[in-house]
Structure formats: C-alpha cells, structure tokens
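No value in this document is a laboratory result; all are computed from the given coordinates. Small disclaimer: the values here were computed from a predicted structure and weren't measured. Positions of Cβ are generated from backbone atoms using ideal geometry, with glycine treated the same way; all protein chains shown enter the neighbour counts.
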Amino acid sequence: MIEFHSVTKRFPDGTLAVDDFSLVLPSHKITVFVGTSGSGKTTLLRMINRMVDPTSGSIEIDGADIGTLEPVKLRRGIGYVMQNSGLLPHRRVIDNVATVPMLRGMPKKKARDEALHLLDTVGLDRSLANRYPSQLSGGQQQRVGVARGLAVNPNILLMDEPFGAVDPIVRAELQQELLRLQQELGKTVVFVTHDIDEAFLLGDQVVILRTGGKVAQVGSPAEILANPIDEFVATFVGADRGKRSLHLENHGDGDIVVDETGRLAGVLVGERSSAGSESKAGPRGPGASAQGGDSR
Amino acid sequence: MNFVTETVAWLIDPANWVGAGGIPTRLVQHLLFTLVTLVLAAVIAVPIGFLIGHTGRGRGLAVATSGAFRAIPTLGLLTLVALWVGIGLNAPYVALTVLAIPPILAGAYTGFEAIDRKIIDAARAVGMSEAQIVLKVELPLGLPLLIGGLRSATLQVVATATLAAYVADFGLGRYLFEGLRIRDYGEMLGGSILVILLAIVLEGVFALAQKLVVPRGVTAGLPTDIRDGSSRSRPAMESTIKEGTSHVRNE
C-alpha cells in the first residue's frame, strides 16, 4: 500500500507541480494517474521512488516513510518502466534485464538465468536475449523494459507512460499483456498516462488530475463514467461529446453499439451486465462496453 | 643541391640512424615524451571532465578556462617555466600538459553530455548509484568522444613536443633546432618529416581505437552487424532504432 499524505511539490523555478495531494493506492491493484501535461502525474509517480522529493508532506510504503529510506536502495526494490524503454544501449537485452539483480549482488549466472525466464514472462522469444536494444522494435523494447522492471520481483511497479511511444496496434497488445501479467503477478502498479481510454482499460483506481497536481476525481472507471464530478472531468472522459453515450441499434443478426453521432463503437455480445459488476477478466474496451449507455 | 635531395640524403645516411643522437633513439624519446604528457594531462582533465559532464555544473568555467589555456603560447610558457625550474624536461612536461588539457577535458565532458538524458534518468531510476552511472553507463557511452579528445591532444602534443629540444637535448625537435643553427635545411626538413610520420601513425592508431570503443549496441542497428563483425561506422550517439525489415532489403 502506498499512501500520499498532503504532498506538495514546488520546483525551484516556482512551478507548483503537485498541490496538497493525499491518496491511498491499494496493494495489488492498478492505480492510474491520468491528466494532461503539466498535471503533475509523472512527478507524483517519481516521488514514489524518490526520483523527486516532495517539498512538503510525506509518502509511506506499507507504513514506512520513504523519506527516511536511502534512495538508491529504495529504487532497487521498486520496478520502473518508462517511455522509450530507457534501456542501456550498450548492453544486450539479457544484461539489461539482469542489471538490477546484479546491482543487488546476485551472481551473474543466476541473474541471467532469471532474466531468460522473465523474457518468457513478458512474451519475448529467448532468441532476442543477445540482441542489443537498438535491434528490437519499439514494442519489443517496451517488453524488455517491463521485464527489467519485474527483475527484482518488486511489490511495486511504476510505469511512466510506458506505451506512449508505440503504435496503436502494439499498444493495445501491450495493454492486454499488462492485464494478463497483473492477473498472474498481482503487483501494486502505478501507471501514468495522458490517454483516458488507457486509464479506464487498465485502472482499478483512476485518478484524474487537473493542472497543478490537483485531484479532479478519484474512483473506479465505472464510478467516474457514471458520475463525472464536474464539467472538467466530463470533458476529459469524453462524456460531454457523446463519445461515451452509446446506444444499441438492431441490425438483423445482432445488436451493434453506436455513439451519439451514429458512429459504430462495437457490437454487443452476451447478456447486458448489471451496473457495477464489471469484471476485469472480460473484454473491456471502454467504447465497446454497454456501461456508457446505461449511464445516460 | 636542393632541399629534397638534401633531405633524402640526410634521412638515408646510416650515421643518422645509430647512437644516442640517432633517429631511432630520438623517435622513441619523442614518443615516450608524448605519451607521458598525455597521461599527465589525462589524469588531470578526465576526472574534472567527468565531474562536469555528470553533474552538468561548471561547464561555463571549464570552457572559459580551457579557452584561456589554449590561448597561452606554448613556447612562451615553456621559456617561463624553464626559467623557474631550469633546463631539462620538467619545463616541457608542464608546458605541453597545459596544451593537452583543453581537448581532453572537452572530450571527457562532451562525451557525457552527448548521452541521451533519458538513459541516465532510467539508470538512476532503476537504482544505480551515481558512481555506477558514471562507470557503467556514462563512461562506456562517452568513451568515443573522450578518445576523440585524446586524439586531438595527441596530435597537438606530438607536433609541439619538438619544442622540448629548446631546453633539453631531447626528441625529434633536436634536428629542427640543430639544423636551424648550422643552416642544415636537409636535417630540419628530415626531422619535420619524421614528426609528421609519427603524427600520422598515432592518428591512425587513435582512429582505430575510436572505432573500436563505440559500444556494439550503439553501432548495431542491424542484426548482421553482430554476426559478420562488419565495421560499419556510425556516429556514436545516433539513434539506430529501426523498425521492421525494410532496412535490410534496402542494403
């Protein structure tokens, strides 16, 4: 469990990135910080592994104030996945994955063995192990980044717009992979994105931020969609544009779901689920869910 | 007799190739002097350059100071130091170390600065200590530019080391000063040619070294680069991320 207590961050140039932010991030769940640039979402994420220290307030991980922990040691216990993978270009894939365990004193051979297993875990072929990052596609690099983040078997995984730089098809693939991994591993994931659809797809808890690191609304995707707290949130999640107000049209063989402008959003399969019982396991494209229609 | 025949005559005269004042001895002296000077300059400049490159602080000061160092006339400094410490090799060591510091310093910090900040940031975020970032990330990735700085320093030192003979009976410069004194232009030109040849050889060695120290992951844009060990050269920090295989077909 990660707890923010009245955390404020003002950068030396005077920018107020985060203003009096308090939140509990439950264990074994995915919490997504979503907002436009300048909303302080990345700053919030980077405060968890002390890449940024708060100006005031405190952050606790499982009850321990991280301000009292040594940053390097703290970071070695937290998985970190960033945009553009952040892999070391001069090290082979396998050595990139084995980097942190070796920093923690694991013998090289063992670290490499475990790195191979991690490549399996993230769905990469072992034949890529001896390639350099520059020889991989963007999506493959991102998978290596996830493998590296998992290498020390951390309880916490920080993901800073990890899928922001890959094309939409690969992104969708990686998102599903992350959900699959999360079902297996049950990490406490903190995920930063500016993409509201990604936030709703991945998040158990979604935190919508407005400029200056102020919380606009916190809740499950369903709660936020059903009850946008104000106009800002409604605009942000797209509820005001009709993008999410879906309805059914019958087309002979089956029902299709269309949005307010009549554009096709998906098809309705199976029975209509009752509100709130939405489950992680099912296909959950935010646009394809009948949930949005119910809320209108 | 013109200069060319005089020079050739001087170069092939067996008498010039033996003894304490012979070409091999002076060549070795010159080379050793150059190497020692480079080591001295590197010991001073590399740690400072790494510190500047790693922290991003003090760059302005370094640029200004190296600029001032570059502006110092080496012959003047040499004379000044010689007046102070006396005749011998100490004065040339000091003067040429001062000459060699700016390019090495610049090579050291630009090498670090040229690295994508995201790589450094990621290294820190996964838990590398500052020392580990320097040794395991910045040093290997910045090495090509550092070698470039050493290369440029070497060229300057090997040429300017002729001045050592101004205050000591030492190195290839001796032929220049002696030839000038006794109006033996063949000897002067011969000595110069030897210096030039030495410079070219060292230049070649460094060019090779610079190529070899580029990390393979940085040069390897294509799988074939590893397998056939081709020495395709690419700028050290060029982004070589290529998607798909169209690149292979184009080659």
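A few remarks follow.
- Projected area averaged over orientations for region B:135-180, convex hull of C-alpha atoms, nm²: 4.1
- If you wrap the Cα atoms of the protein assembly as shown in a convex hull and average its projected area over all directions, you get 35.3 nm².
- Net +/- balance of residues flanking A:Val190 in space, Cβ distance below 15 Å, scoring K and R +1, D and E -1: -1
- For region B:57-85 and region B:120-157, distance of Cα centres in Å: 25
- Local electrostatic count, A:Ala172, Cβ distance below 11 Å [Lys/Arg +1, Asp/Glu -1]: -4
- Each Cα pair under 8 Å and six or more residues apart adds its separation to the average, and for region B:3-213 the resulting relative contact order is 28 percent.
- P(r) weight above 24 Å for region A:1-119, C-alpha pairs, percent: 39
- Sorted ascending by nearby beta carbons within 10 Å, beginning with the fewest, B:Ile133, B:Ile12 become B:Ile12, B:Ile133.
- Charge tally for A:Ser37 (other residues, Cβ to Cβ under 14 Å; Lys, Arg +1; Asp, Glu -1): -1.
- When shorter helices are ignored and each DSSP H run of at least 4 residues is given -39500 (n - 2.57), the per-residue value for chain B at 222 nm works out to -23000 deg cm²/dmol.
- Kirkwood-Stokes translational diffusion coefficient of region A:161-200, alpha-carbon pairs, 37 °C, 0.692 mPa s, µm²/s: 306
- Under the membrane-span-like helix rule (DSSP H runs whose alpha carbons stretch at least 20 Å along the helix axis, mean Kyte-Doolittle hydropathy -1.0 or higher), chain B yields B:23-55, B:90-113, B:139-160, B:185-212.
- Computed over Cα pairs, the Kirkwood radius of region B:3-213 leads via Stokes-Einstein (0.890 mPa s, 25 °C) to a diffusion coefficient of 131 µm² per second.
- With the helix formula -39500 (n - 2.57) applied to DSSP H stretches of n ≥ 4, chain A reaches a computed 222 nm mean residue ellipticity of -9000 deg cm²/dmol.
- What the Kirkwood sum gives for chain A is a hydrodynamic radius of 20.3 Å, with every pair of different alpha carbons counted.
- Among A:Gln176, A:Gln141, A:Gln205: highest mean-square fluctuation, GNM of chain A, C-alpha pairs under 10 Å: A:Gln176
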